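Down below is the structure, laid out as structure tokens.
The values are calculated or read from the model by the stated rules, or taken from the named source; none is laboratory data. Predicted, not measured: the structure shown is a model, and the values here were computed from it. Positions of Cβ are backbone-derived with ideal geometry, glycine not excepted, and every protein chain shown enters the neighbour counts. Surface areas here come from the heavy atoms of the whole protein model, side chains and all, with no ligands, DNA or RNA. Shrake-Rupley method; radii C 1.70, N 1.55, O 1.52, S 1.80 Å.
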Amino acid sequence: MTPFWITFLALPALFLDAAGSATRIMSLHAVDFVIIVIYFAMVLGIGFYLKKYTKSGEDFFLAGREMTAWVAGLSFVSANLGTLELMGWAGNAYQYGIMAAHWYWVGAIPAMLFLGIVMMPFYYISKTHSVPGYLELRYGRATSGLSAISFAVMTILMSGVNMFAMALVLKVMLGWNIHLSIWASSLTVGVYVALGGLFSAIFNEVVQFFLIWFGAMLIPILGLIETGGWSGMVERIHRNFPGQDFTHLWRPMAHFADNPMGVHWVGIVFGLGAVLSMGYWTTDFLVVQRVIAAKDVRAAKLAPVIGSFFKMAVPFFVILPGLLALAVLPFHLVPASAMQPGQHSYDEVLPLMLARYCGPGLLGLGITALIAGFMSGMAGNVSAFATVWTYDIYRPFIRKTAPDSHYLAMGRWCTIIGLLISIGAAYIVTHFGSLMDYVQALFSFFIAPLFGTVLLGMIWKRTTGAGGFWGLLAGTVSSVAMFTLVELDPTKKSLVALSPLAKPLALDMWRALWSGLICVVVTVVVSLLTEPRPEAQLVGLVYGATDLPSEGDLPLLKRPIFWAGVSFALFLVLQWIFW
Amino acid sequence: MEKTPAKAGMLPVWFFIGVIHLIYGVLIFITGLYELSHPVDTVLANLHAPIWWGAFIGVVGAIYVWRFRPGR
């Protein structure tokens, strides 16, 4: 008779479906299932443990504002280590080469440091609970409402993308049923976030951060051993893909036609570095919420700086496996839209490399790392959605006065409801060749104009409520219009991206640049035509009207600005090494 | 790394990290030992990655459990 624990370990077999089992690329063993079950037990256990500490709205939505710089910093990075990071960018690295690392370096580090040093003091000193909350203080309810609603929509869609991607990867890798994967993972996230709120989300994100690193780092280590180091890998890539440059960051960017992405360095520097990434890292409440939960201004400034060091290292276990796959895989991957039976898509590169090097135990850890990445992204979306819905939509527009316990209950309920809507969104996300392209398109709709609005509000006292509202609206509408134009007539992409060779990611960067500029121009013009607010009302919200706390009495090694300088210097060194 | 639980009496997150990595490290290490006599069919299996990677994860986990254990 089979012992009961063997039967228990075989339970995931119930998740198998016939179609999945025919295409799966790896099989798990008992120890792998044990590792995955322990992970689910741990995240749920943390949720139940933290419920007793989550007694007020501030506990649930802002983790009591008691997070240290390290916890807030790691959670800040981990909330972004979702599906996009682990699967999408490894696939993009296979497709575009090391140029995909731009999204981690020029597309992240300057923006994270800018958030920490320039913008965080205002988010923190203003005592806002969210980015739309800051907009309400600075511009009024109309701009805040517009931002809150667009954020809520984007967050739910993003969460749906996360769910779909996770279910897809579990189906492809393990043959698990796609519907059961969606429901099991999302309900787990729903339970632990609804119980412990942001406390629970942040705690689990930090745990997930470590799991992702330990689970994924072995692939590049073993890959570089197999290829004989970096130079051996480059030599093999040249042999497998003659005439193509996959291993230089900036060199192939002088002309659109010189690189597989079809992008010019101007688009990367200004579209990605100056607008898209600034918008994402400084105004996307999903990540900013983790830093707002810090215990004091110094911790809030230091958290993104700490996060920047880890973010800089992420390409070594996300981008590098994509490059190693170009060198060692005996077959070529193809776009998902062109996949034939027996072929694999770009987005499968990470699981393929995992299966190549990892046997029982390590495979379970790697799968757990992927699931942890998916769940941390999903939890980030859900907790941010709960806060924005409750504090920026429900409280100002639906029920203005209620006891704190009412808003706490609302936060718990809308966590579950938000997840159910996300599940619906997951079933819609099916017809884009690359998941990243889809999500980048969403970013550029909302995030790039929002950055223009928030930044002008923080640095220019003359910006008015009307200017902020019309600028944000014009930027968002123009971005959606450009996207629609190119969808309807692909030949028009040369109007947006200045080249007919532009690939979707390049198009997104240019669209972000134009929509950000339109937002800024409209905001400035309307502000100059309308009455400014008295300076007394701008204290704590705008440079020049706010006394920022001095760090002059702190030792050098405790100053956020010092570590920001170190981080930026490292960033420049990486650009030089991989130029 | 600061050892500051968010609320009085709350276990620090680092303790949970230690527990899960200690368990994972032991499981993977034992699997690696088993594979010495039952080799698996992966590239570079001769390097016995589960043994040294499992040991590394387990040691990191044990350090965190010890450093952030309840009541310390």
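Structure data summary
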item	result
Burial order of peptide ranges B:50-56, A:152-158, A:346-352, A:509-515 (average beta-carbon count within 10 Å, highest first)	A:509-515, A:346-352, A:152-158, B:50-56
Accessible area per residue in Å² at 1.4 Å probe, computed on the protein assembly as shown	36
Cβ neighbours within 10 Å from other chains - mean over A:26-39	2
Kirkwood-based Rg to Rh ratio, segment B:13-67, C-alpha trace	1.10
For segment B:44-64, residues shielded by at least 50 square angstrom of accessible area compared with the chain on its own, probe 1.4 Å	B:LEU44, B:TRP53
Accessible area that becomes buried as B packs against A, both chains, 1.4 Å probe, Å², nearest 100	3500
Rough spin-label spacing in nm, given labels placed 7 Å along Cα→Cβ, for A:SER27 and A:ASP258	5.0
Solvent-accessible area, 1.4 Å probe, carbon plus sulfur percent, for the protein assembly as shown	70
Crossing angle, helix B:13-37 versus chain B [Cα axis fit, 0-90 degrees, rounded to tens]	10
Label point distance in nm, A:ALA338-A:SER550, each placed 7 Å from Cα along Cα→Cβ	6.3
Cα point-scatterer Debye curve for segment A:351-423, base-10 log of I(q)/I(0) at q = 0.22 Å⁻¹	-0.91
Lys, Arg +1 and Asp, Glu -1 on Cβ, resulting dipole of chain A about Cα centre, debye, nearest 20	680
Dipole magnitude of segment A:125-238, debye to nearest 20 (Cβ charges: Lys/Arg +1, Asp/Glu -1, about Cα centre)	340
Listed residues A:ILE428, A:TYR407, A:MET163: farthest to the positive end of the dipole of chain A (Cβ charges)	A:TYR407
Relative contact order of chain A, pairs being alpha-carbon contacts under 8 Å that are 6 or more residues apart, as %	28
Per-residue [θ]222 nm for chain B (sum of -39500 (n - 2.57) over DSSP H runs n ≥ 4, rounded to 500)	-21500 deg cm²/dmol
Peptides A:173-180, A:393-400 ordered by average Cβ neighbours within 10 Å, highest first	A:173-180, A:393-400
Selection from A:PHE578, A:LEU222, A:PHE285, by position along the positive dipole direction of chain A (Cβ)	A:PHE285
Formal net charge of residues neighbouring A:ALA152 (Cβ-Cβ distance under 14 Å; K, R +1; D, E -1)	-1
222 nm mean residue ellipticity, helices alone, for chain A (DSSP H n ≥ 4; -39,500 (n - 2.57); rounded to 500)	-21500 deg cm²/dmol
Over segment A:449-579: Kirkwood hydrodynamic radius from C-alpha pairwise inverse distances, Å	17.8
Overall dimensions of the protein assembly as shown as given by Cα atoms, namely Rg and Dmax in Å	24.0, 83
Under 5 Å, built H, 5+ apart or other chain: amide partners of A:TRP176	A:LYS171
Average other protein chain Cβ within 10 Å of Cβ, residues B:22-31	5
Proximal aspartates and glutamates relative to A:LYS558, as straight alpha-carbon distance under 20 Å, when same-chain residues fewer than 8 apart are discounted	A:GLU66, A:ASP296, B:GLU2
